[in-house]
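These notes concern the structure reproduced below.
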Amino acid sequence: MKLPIQRLLAQAGPFLGLLVVIVLFAIPTETREFFLTYHNFKIILTQTVIVAVGALGMTLIIVSGGIDLSAGSSIAFTSVVGALLIQKGWGPAPVLAAVVLAGGAIGLLNGAAIAALRLVPFIITLGTLGVARGAAKWLGDNQTVNYDTSPINQWMTTADPFSYALPAGVWVAVGLAVVTAVYLRRTVFGRHIFALGSNEATARLCGVPVTRLKIAIYALAGCYFGLAGLFQLARLRQGDPTVAVGLELDIIAAVIIGGASLSGGVGTVLGSMIGALIMAVLRNGSQQMGWPTYFQEIIIGLVIIGAVFVDRLRQGKRAS
Amino acid sequence: MSTPSLTLSSAPPALRLAGIRKDFGGTQALRGVSLEVAAGEVHALIGENGAGKSTLMKILSGAHAADAGTMELSGQPYAPADPHDARCTGVAMIYQELNLALHLPAGENILLGAESARGGWIDRRASRERAREALAQLGHADLDLDRPAGRFSIAEQQVIEIARALLTRPRVLIMDEPTSSLTLADTERLFAVIQRLRAQGVSVIYISHFLEECRRIADRYTVLKDGETVGTGAMAEVTIDRLVTLMTGREVRNLYPRTEHAAGALVLEVRNLSRRPRLRSASLQLRAGEIFGLAGLIGAGRTELVRAIFGLDAAEAGSVVVGGTPEREADPRGRWRQGVGFLSEDRKEEGLMLSQSITDNLTLTKLGTFGRFGWIDAARQREAARRWVDELRVKCREPGQAAGELSGGNQQKVALARLLEHPARILLLDEPTRGIDVGSKAQVYELIGQLASAGKAIVMVSSYLPELLGLCDTIGVMCRGELAAVRPRSEWSEADLLRAATGGASAAPIA
């Protein structure tokens, strides 16, 4: 039997975490006035978009029992691809499609290599972390790729910064989260991802096409990273091959804080989204507190450890 | 206090156990075991699976504590706190599954945890000398100490492990099924090692299912049955038949419902299937409504055979015919489509997704049928699960509960229900009653009988002979990778099965 406290944590864990960080920053006098305003939340939500879209893809991978360390590099690579295409005069829709496919191509490579070489995802994606980063710099001729203007620049802001409207990117992230949550729960594909992550041997025994499924998961996740790359491009208004270094760790952290297990089979889209929000709130709050960035880094590091520890507590019975 | 005359007339035995009892939450694993092993004697410990040998060995090696009874080592009371304590006191154990750090050199493996050291620094020369000494004791002084353990053959790895055990100068060395993965030539070499140990005054407790081997190497024997010692004596004065009678002894009880099932059309034919080294050659024919039992020792190739049939492991040669076309290459996905289902012997590692719900576990092979275009109608899926949970009386809160939270028997029902829900017409069941309680066992037997009556064809691997004799229509015995003896159940007795499984008279000669 689970203890009542464990059951409570299991149900509300990530939500509680989010509430705690919000309350923590709402109390001090330095931040009290501005922190709890709509405009601040608009900023936080906008700042969450890139990590959130990446975390959707990463949720698929982590639930399947894998990992993708190349997400940050993929985001840089696809943002450079997008900027080059805009330079060539492509419209927003073709750029969107091409960038998503470019991300998907990197994912496809990851998945195919994992399946064909039978190496662990950690090794393969550690390799593509370097490969994609290098390819981005190569494509961008080792500098940022600038372009005059593009409608894509508007996707991460609103025309009037003080309006109550939210940028398109936020809505895309929310919509994509809903779609992902639904197919993860309600389709054969989604349930097979859970089966693969929970016990690969059982999945194989039960006729789940394990190899094909792995390739599909990494390719699809790559598409999410590609989209995140496009939002990265929209935010900077340029393609930067040196952007998003280490962002894969933020993305993985968001998924883990959201309750997913690195050993696979456990994880939810809602949890990952809240995980991404927790990270963004921490960043935003520490900035307003005037804390130096090194202090933010320490805080976020500790939160990751704390979150996984709480996760262990709530799965206490299974772990023992 | 003992009188001088007594101590003079008889030296105390190296090991003496009397009245050992052990309960595991209501089941009596040991109900009064006695065992006496003289110094410098090889003592065979014999018994069927579940007779209590493993429990007894765990108590001797300090992994468990006995509930009652006395243990003496060379006349001194012996009560090891843990395996390390047991080793230090003079009882060492060689497990069937070897415990070596395969990447480390042989020499380091032998000395692991007992290195000669000064102030934290390993004294390499002294260490090597001790390792060399231990190997010399076994007649393997020339073994390369610097080669990683994983690059030695299984037989040589065993020598490394025995050498490690010798470092603590044990008075009693326990060997659990040491020859189960050895070739005949390696078995001879192991016997030479055992004889050297005996000559040096070490007592060896030799556990094996191979009765012929026991007769050759052991001086005396003790037979366990249902947690009790049922016979002991000198090997020279006993026949194999007598040992078999002691081991089985029991009447086959009426746990097994004999339902009527007439054999129908041929549904599965296996021709000379092989996957070396464990599976050398197996052929069988299975008809609708037939229950085909596969008997044999652990490691005889039974599991390998059913896994190769199902396509979980690729066969090297031979073919499997399911409804018409012979194939050698197959995969589980295709087999399920053909209506073949598989129940793994290892529920936790392979059979079930412990972190997922009963519903997901039960319907995993056919998720696509609960809706269109890849969508799953969750209500229909739950309903299917609910039906089997009720039908098989799975004890759970709800079908959404994680499978890992159920008891072993209920987990097994969930794993079986997957085959029923699919539904499979050929069922490959590997140890379907392993590790489940008697009540659940009876239910599983009843279910298997009903399925055969309904025209399903069943292959059932089991290490428990009464179960095979009680349920099956046909029984085949595997021995060292070959399926040689296949006969109707009525032509088998428990003694015949044991003899055939241990390479005795009834089986084909071993090449």
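The values are calculated or read from the model by the stated rules, or taken from the named source; none is laboratory data. Only a predicted model underlies this, so the values are computations on that prediction, with no experimental measurement involved. Note: ideal-geometry Cβ built from the backbone for every residue, glycine included; neighbour counts use all protein chains shown. The area values use the complete protein model at the heavy-atom level, side chains included, leaving out ligands, DNA and RNA. Shrake-Rupley method; radii C 1.70, N 1.55, O 1.52, S 1.80 Å.
Using a 1.4 angstrom probe on the protein heavy atoms only, line up B:Ser355, A:Ser261 by accessible area, largest first. It would help to have the intermediate numbers written out before the result.
Values: B:Ser355 35, A:Ser261 15 Å².
From most accessible down to least: B:Ser355, A:Ser261.
Estimated from the Cβ-Cβ distance and a Förster radius of 60 angstrom, the FRET efficiency linking B:Arg31 and A:Val23 is about 0.45.
Give me a single rounded figure for B:333-339: the average over its residues of other chain Cβ atoms within 10 Å of their Cβ. Mean inter-chain Cβ contacts per residue within 10 Å come to 2. In the full protein context, the protein assembly as shown carries 44 Å² of accessible surface per residue, based on a 1.4 Å probe and ignoring ligands, DNA and RNA.
If r is the Cβ-Cβ distance from A:Val131 to B:Ala11 and R0 is 51 Å, what FRET efficiency results, to the nearest 0.05? Computed FRET efficiency for A:Val131 and B:Ala11: 0.10.
Using bins of 10 Å that start at zero, the share of Cα-Cα pairs per bin across the protein assembly as shown amounts to 2, 11, 17, 19, 18, 15, 10, 6, 2, 0, 0, 0, in whole %. Interface residues of segment A:169-215, defined as those with an accessible-area decrease of at least 40 Å² between the chain by itself and the complete set of protein chains (probe 1.4 Å), are A:Arg186, A:Val188, A:Arg191, A:Ser198, A:Asn199, A:Thr202, A:Arg204, A:Leu205, A:Cys206, A:Gly207.
Taking the inverse of the average 1/r across all pairs of different Cα atoms in segment B:372-420, what Kirkwood radius in Å do you get?
Values: mean 1/r = 0.0875 Å⁻¹.
Evaluated on segment B:372-420, it is 11.4 Å.
In segment B:259-325, inverting the average of 1/r over every pair of distinct C-alpha atoms gives 12.6 Å as the Kirkwood radius.
When the chymotrypsin sites (Phe, Trp or Tyr not before Pro) in segment A:59-162 are filtered for DSSP coil states and for at most 14 other beta-carbon atoms within 10 Å of their beta-carbon, the remaining sites are A:Phe162.
Within a straight-line Cα-Cα reach of under 18 Å, A:Lys214 can be paired with the following aspartates and glutamates, leaving aside sequence neighbours fewer than 8 residues apart in one chain: A:Asp68, A:Glu200, B:Asp331.
Bridging of A:Lys137 to aspartates and glutamates at a Cα separation below 15 Å is possible for A:Asp240, once same-chain residues fewer than 8 apart are set aside. Semi-axis lengths, largest first, of the ellipsoid equivalent to segment A:48-246 are 31, 20, 12 Å, with √(5λ) applied to each eigenvalue of the Cα gyration tensor. Pairwise Cα separations in segment B:356-511 fall into 10 Å bins from 0 onward with the following percentages, short to long: 10, 33, 28, 17, 9, 2.
Between B:Thr70 and B:Arg216, the modelled label-to-label distance comes to 3.9 nm, taking each label 7 Å out from Cα in the direction of the beta carbon. Fraction of C-alpha pairs exceeding 37 angstrom in chain B: 38 percent, rounded to a whole number.
Which entries in the list B:Lys58/B:Lys225; B:Lys366/B:Lys441; B:Lys225/B:Lys348; B:Lys22/B:Lys53; B:Lys22/B:Lys225; B:Lys348/B:Lys413 go over 20 Å, if you measure between the two C-alpha atoms of each? Could the numbers behind the result be given before it?
On the way: B:Lys58/B:Lys225 17 Å; B:Lys366/B:Lys441 27 Å; B:Lys225/B:Lys348 28 Å; B:Lys22/B:Lys53 12 Å; B:Lys22/B:Lys225 14 Å; B:Lys348/B:Lys413 13 Å.
Going by Cα-Cα distance, B:Lys366/B:Lys441; B:Lys225/B:Lys348 fall outside the 20 Å limit.
When A and B come together, around 2200 square angstrom of accessible surface is lost from both chains combined, probe 1.4 Å.
Model label points for A:Ala112 and A:Val308, set 7 angstrom from Cα along the Cα-to-Cβ axis, are 3.2 nm apart.
I'd like the GluC sites (Glu not before Pro) in segment B:264-330 restricted to DSSP loop residues with at most 13 other Cβ atoms within 10 Å, sorted by number. Working shown, then result.
Working: sites: B:Glu269, B:Glu290, B:Glu304, B:Glu316, B:Glu327, B:Glu329; in loops: B:Glu290, B:Glu316, B:Glu329.
Loop-located and lightly packed - B:Glu316, B:Glu329.
Scanning residues 5 or more positions from B:Ala295 or on other chains, those with amide H under 5 Å from its amide H are B:Gly476, B:Val477, B:Met478, with H placed 1.01 Å from N in the peptide plane.
Remark: segment B:105-111, residue by residue, has Karplus-estimated 3J(HN,Hα) of x, 3, x, 5, 5, 5, 8 Hz, where x stands for each Gly or Pro and the curve is 6.51 cos²θ - 1.76 cosθ + 1.60 at θ = phi - 60°.
Ordering of B:211-219, B:96-104 by packing is B:211-219, B:96-104, highest average first (other Cβ atoms within 10 Å, averaged per residue). Scoring A:299-309, A:43-53, A:220-230 by mean Cβ neighbours within 10 Å over their residues and listing the highest first yields A:220-230, A:43-53, A:299-309. Accessible surface ranking for B:Asp473, B:Asp67, B:Asp23, 1.4 angstrom probe, highest first: B:Asp67, B:Asp23, B:Asp473. Just so you know, the Rg over Rh for segment A:7-101 is 1.11, from Cα atoms, with Rh as the Kirkwood radius.
Give me the dipole magnitude in Debye, nearest 20, for the protein assembly as shown about the Cα centre, with unit charges on the beta carbon: positive for Lys and Arg, negative for Asp and Glu. Don't skip to the answer; put the middle values down first.
Working: 83 positive and 74 negative charges, 213 e Å.
For this selection, approximately 1020 debye.
Spin-label model, B:Ile154/A:Thr158: points 7 Å from Cα along the beta carbon direction are separated by 7.1 nm. Computed in the context of the full set of protein chains, the accessible area of chain B at 1.4 Å probe radius has 50% of its extent on carbon or sulfur. Along the charge dipole of the protein assembly as shown, pointing to its positive end and built from +1/-1 on Cβ of Lys, Arg, Asp and Glu, which listed residue (B:Ala485, A:Thr187, B:Gly334) has its Cα farthest out? So the residue furthest toward the plus end is A:Thr187. Only protein heavy atoms count here; on that basis, with a 1.4 Å probe, A:Thr211 has an accessible area of about 80 Å². Computed with every protein chain present, the accessible area of B:Ser357 is close to 20 Å² [probe 1.4 Å]. Work out the P(r) tail for segment A:175-320: percent of alpha carbon pairs separated by more than 28 Å, whole number. Pairs farther apart than 28 Å: 30 percent. Report the one residue of A:Ala280, A:Phe309, A:Leu84 whose Cα lies farthest in the direction of the positive end of the charge dipole of chain A (charges on C-beta: Lys and Arg +1, Asp and Glu -1; origin at the Cα centre). Comparing the listed Cα positions along the dipole, A:Phe309 ranks first. Taking amide H as placed 1.01 Å from N in the peptide plane, B:Gly231 has its amide H under 5 Å from the amide H of B:Val223, each at least 5 places away in sequence or on another chain.
Other chains' Cβ within 10 Å of B:223-231 residues: what's the mean?
0
Only Cα pairs under 8 Å and at least 6 apart count here; give the relative contact order of chain B as a rounded whole percent.
Numbers: 1015 pairs, mean separation 75.9, N = 511.
The normalised contact order for chain B reaches 15 percent.
Solvent-accessible surface of protein heavy atoms, probed at 1.4 angstrom with all chains present, puts B:Ser61, B:Ser453 in the order B:Ser453, B:Ser61, largest first.
Hey, with R₀ at 25 Å, roughly what FRET efficiency would A:Thr211 and B:Glu329 work out to, going by the Cβ-Cβ distance, to 0.05? Calculated transfer efficiency: 0.95.
Once Rh for segment B:102-168 is found with the Kirkwood sum over Cα pairs, what is the Stokes-Einstein diffusion coefficient at 20 °C and 1.002 mPa s, in µm²/s? Mind showing how you got there, number by number?
Values: Rh = 11.7 Å.
Once the numbers are plugged in, D ends up at 184 µm²/s.
A full extension of the chain between B:Arg169 and B:Thr245 corresponds to an added length of 23.7 nm, given 0.36 nm per residue minus the alpha carbon distance.
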